[in-house]
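What follows is one structure encoded as structure tokens, with my remarks underneath.
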Amino acid sequence: MHCTCHILSSTALPLARRLRQALAATPWRSPTGEALAECRLSAPQRFAPEDCRPFAGIMDAARQAAGSPQIFLGATGIAVRAVAPLLEHKSTDAPVLVISPDGHFVISLLAGHWGGGNSLCRHVAALLGAVPVITTATDCGGGPALDLFLQAAGLRILDWDQLPPAQACWLEGRPLPLWDPCGAVTDGDGGAFLRQEVLPEQDGPALCVHWQRLPARQGRLRVALPALVLGLGCRKGIPAPLVATAVEGLLLRHGLEPQALAALATVTEKAREPALQELARRLGLPLLTFEAAELAAVTTPHPSAAAGERFGCAPFSVCEAACLLAARQLGATATMKTDGEGILPARRGALEDGPPAGTGNGQQAEGRAGTAVRLLVEKNKVAGQLTLAVALSNTLLRRDDA
């Protein structure tokens, strides 16, 4: 991971180089766990030295650096005008900082919470011996930020337009109604939540957490619990649109929230299939892979003799076995990170401690570490080219909510 530092005056070059060296020695850790250790310098053509990327205009430089954190060493107004055309949404925008030319202040300008801008601001300020300037209400008031609280819990906000009124409950000290049958949310500081037994229907703000697809409603802040794994088996050369449409339809028919998917899973030999890689890229999910022999050791509701013959194993279901094993790994590791191409081979240690995963809707299996998994959706066949199944990792749940 890298950031770009735009140097707006030649006198600021020494400060930018000091920041580059300091970040290399003491990287910043983003909310997703990535380390930011590389600071690329950018400067106007009229004075750009060899270690800086020259630019003709700051707006072009900002556009070329879009998608990663940007730091402007100069006036705040220039930074605002440069990044304004690039803004999309607070859930996806990268952090933007401004450092005063004298190096005395570091300002968090954009993506302060979800993107980690406030954290990066404090980190850079500490490296430079500067004062961090942060203006978000929760940080100034000393109270918790709801979006950061949910992010730290590994949850995914669906209704960003409903976040402000829910956040206001916290800022004003009013308990926020919470519907969380999965037990994914702790009580927070000072009893910040008012737990509900049924899905709230009131007009006021309420936080609702689940892996199921919940109806949208004014005031209802829906949050997805990423506890589902989608297993896939496919023929070689399957069209990517067919896979995307089939997955969308499967989740819709079974009332499953797409943002509750934590990973995709398949057999190792299918990991480089373009359609599966495209699906993983589009959904922003890791593609977990398992050797055929591992999958064949898993008892599944609908084993395939053809799959067994293809891989020289006993009959097994690629999609069912893959999602069951991946769901157990999800519970064992809590988080998943991909390699550069979004493909993650299975961690053997997370899978070999217990017996094979269970089978069928409502049935569970549990290894020695207590990692229970369950098939929510058994094998679905699509056009003779694709099979799909969905499993749930119960490790993330406090009680069975099936």
Computed on Cα atoms, Rg of region 146-224 relative to 2.2 N^0.38 Å comes out at 0.96
The alpha-carbon center of region 1-80 and that of region 292-315 are separated, in whole Å, by 52 Å
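When the dipole is taken about the Cα centre of region 273-319, and only Lys, Arg (+1) and Asp, Glu (-1) are charged at their Cβ, what size is it in debye, to the nearest 20? Could the numbers behind the result be given before it?
Details: 3 positive and 5 negative charges, 32 e Å.
The dipole magnitude comes to about 160 debye.
What is the antiparallel percent of DSSP beta bridges lying wholly in region 2-139, to the nearest 5? Don't skip to the answer; put the middle values down first.
Numbers: 6 of 25 bridges.
Just about 25 percent of them are antiparallel.
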To the nearest 20 debye, region 2-139 has a Cα-centred charge dipole, built from +1 on Lys and Arg Cβ and -1 on Asp and Glu Cβ, of 140 debye
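With the Cα gyration tensor of region 2-139 in hand, convert its eigenvalues to equivalent ellipsoid semi-axes via √(5λ) and list them largest first in whole Å.
Details: eigenvalues 86, 58, 40 Å².
For region 2-139, the ellipsoid semi-axes come out as 21, 17, 14 Å.
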Sequence-separation-based contact order of region 2-139, relative, with Cα cut under 8 Å and 6+ spacing, percent: 22 percent
Roughly to the nearest percent, how much of the accessible area of region 11-170 is carbon and sulfur, given a 1.4 Å probe? 55 percent
Dipole magnitude (debye, nearest 20) for region 146-224, charges at Cβ of Lys, Arg, Asp, Glu: 220 debye
Accessible area per residue in Å² at 1.4 Å probe, computed on region 146-224: 44 Å²
Provide the net charge surrounding LEU110, with neighbours chosen by a C-beta distance below 10 Å and charges set as Lys +1, Arg +1, Asp -1, Glu -1. 0
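Sorted from largest to smallest, which semi-axis lengths in Å does the alpha carbon gyration tensor of region 172-307 give for its equivalent ellipsoid, taking the root of 5 times each eigenvalue? List each step's numbers first, then the result.
Numbers: eigenvalues 280, 52, 34 Å².
Result for region 172-307: semi-axes of 37, 16, 13 Å.
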In square angstrom, what is the accessible area per residue of region 2-139 with a 1.4 angstrom probe? 47 Å²
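Any number yet on Rg/Rh for region 232-325, C-alpha, Kirkwood? If you can, show how the numbers build up before the last one.
Working: Rg = 13.1 Å, Rh = 13.7 Å.
Across region 232-325, the Cα-based Rg/Rh ratio is 0.96.
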Could you tell me the accessible area of THR186 in Å² (1.4 Å probe, neighbours in place), rounded to the nearest ten? 70 Å²
For region 257-298, the Debye formula with one identical point scatterer on each Cα and no solvent gives log10 I(q)/I(0) at q = 0.23, 0.24, 0.32 Å⁻¹ as -0.76, -0.80, -1.06
Kirkwood Rh and Cα Rg combined as Rg over Rh, evaluated for region 1-73: 0.97
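Could you sort the peptides 257-268, 202-213 by per-residue average Cβ neighbour count (10 Å cutoff), highest mean leading?
Details: 257-268: 23.4, 202-213: 19.3.
Result, highest mean first: 257-268, 202-213.
The values are calculated or read from the model by the stated rules, or taken from the named source; none is laboratory data. All of these numbers come straight from a predicted model, not from anything done at the bench. Because the Cβ atoms are built from the backbone with ideal geometry, glycine has one as well, and the counts that use them run over all protein chains shown. Areas reflect the complete protein model, heavy atoms only, side chains present, ligands, DNA and RNA absent. Shrake-Rupley method; radii C 1.70, N 1.55, O 1.52, S 1.80 Å.
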